[in-house]
Structures are given as C-alpha cells and as structure tokens.
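Novice: Pasting a structure below so you can have a look.
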Amino acid sequence: MESVLVTGSNGMLGSTVCAALESKGIIPVKATRKSLDLSSPGEVLNKFKEIKPSSIIHCAAVVGGIQANVDGKTKFFTENIKIDASVINAARELQIENLIYIGSSCMYPANREE
C-alpha cells in the first residue's frame, strides 16, 4: 500500500496538503515538530525506515513574519538547511523515488550578513 509522508503536517501548508490528500482518499502519515526532529539526520533516517513511505511531501520549515526574519538573522537559513538536508539525504539513502519539496522565500530571508 502506498504511504505518503507529509512533513510539517500541522503547519498552514502541511495541513492543507494533508486535507487535499484526504479528499482523494489518501491517508497521509503526518510528521509534526513534536513527533520528529527533522534537524536530526539520525532521527529522520530511523523514522523514515520505520514508516517506509513511498512518497514524501516536504512542507516543514522554520518560518515567521517579517520581524522574526529581521530578528532571527541567519537562524531561519541555518535551521532550514539542516531540516532539508536530513529529509533529502534520508530519502536518497532509502531510495524513496517520490519527493516533493515545497519552499518559500520566507524560509531563506534575503540580505543576511550575520
């Protein structure tokens, strides 16, 4: 049976993706910040091995509003690089053929010098 893992499933984007899948009769496996630390490569790999997804829709990210981007300096960038690397590398190692990555410029703020 096909298993679709959705990262960031409690967020605005992830919850919308889950609802769309459910409307098509697909019950997604939901990965939330509380259920899986996506910045931990070992934890991600182990969880993906356990779940054995046939597809991943990667919606998770550290995000915030304009002021959070200003105050956070490079925090969003560095945290999201860790998250993305963990997900992409685990998917590659487990030969998961279907990976959809959804990103936003809010995840990687412009003009950061620090």
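Bear in mind these aren't lab numbers, they're just calculated from the coordinates by the rules spelled out. Nothing here was measured: the structure is a model prediction, and the numbers come from that model. All Cβ positions, even for glycine, are placed from backbone atoms using ideal geometry, and neighbour counts span all protein chains on display.
Novice: Please find, in a Gaussian network model of the chain (springs between Cα atoms separated by less than 10 Å), the residue of Ala61, Ala19, Ala90 whose mean-square fluctuation is greatest.
Specialist: Most flexible of the set in this elastic network: Ala19.
Novice: Relative to the present Cα-Cα distance, how much length would full extension add between Gln95 and Val70 at 0.36 nm per residue of separation?
Specialist: Extra length available between Gln95 and Val70 comes to 5.2 nm.
Novice: Based on Cα positions only, what radius of gyration and what Dmax would you give for the chain, in angstroms?
Specialist: My reading of the Cα-based Rg and Dmax gives 14.4, 47 Å.
Novice: Comparing Ile102, Ile66, Ile27, which has the greatest mean-square fluctuation in the GNM of the chain with Cα pairs linked when under 10 Å apart?
Specialist: Result: Ile66 has the largest fluctuation of those listed.
Novice: What does the extension gain come out to for Leu21 and Lys52, with contour length at 0.36 nm per residue minus their alpha carbon separation?
Specialist: Here the answer is 9.4 nm.
Novice: Once every DSSP H run of n ≥ 4 in the chain is given -39500 (n - 2.57) and the sum is divided by its residues, what mean residue ellipticity at 222 nm do you get, rounded to the nearest 500 deg cm²/dmol?
Specialist: On the way: 4 runs with 49 residues, N = 114.
Rounded to the nearest 500, the figure is -13500 deg cm²/dmol.
Novice: Taking H as built 1.01 Å from N, whose amide H comes closer than 5 Å to the amide H of Tyr101, not counting residues under 5 places away?
Specialist: Amide H neighbours of Tyr101: His58.
Novice: Moving on to the next point. Using the Kirkwood radius over Cα pairs, work out the Stokes-Einstein diffusion coefficient for the range 46-102 at 37 °C and 0.692 mPa s, in µm²/s as a whole number.
Specialist: So the translational diffusion coefficient is about 261 µm²/s.
Novice: What residue among Lys49, Lys75, Lys24 shows peak mean-square fluctuation when the chain is described by a Gaussian network model with Cα springs under 10 Å?
Specialist: So, out of Lys49, Lys75, Lys24, the one fluctuating most is Lys24.
Novice: While we're here: Just how large is the dipole of the chain about the Cα centre, in debye to the nearest 20, putting +1 at every Lys and Arg Cβ and -1 at every Asp and Glu Cβ?
Specialist: Computed charge dipole of the chain: roughly 160 debye.
Novice: Lysines near Lys73 by alpha-carbon distance under 24 Å, same-chain residues fewer than 8 away left out - which ones?
Specialist: Straight-line reach from Lys73, under 24 Å: Lys82.
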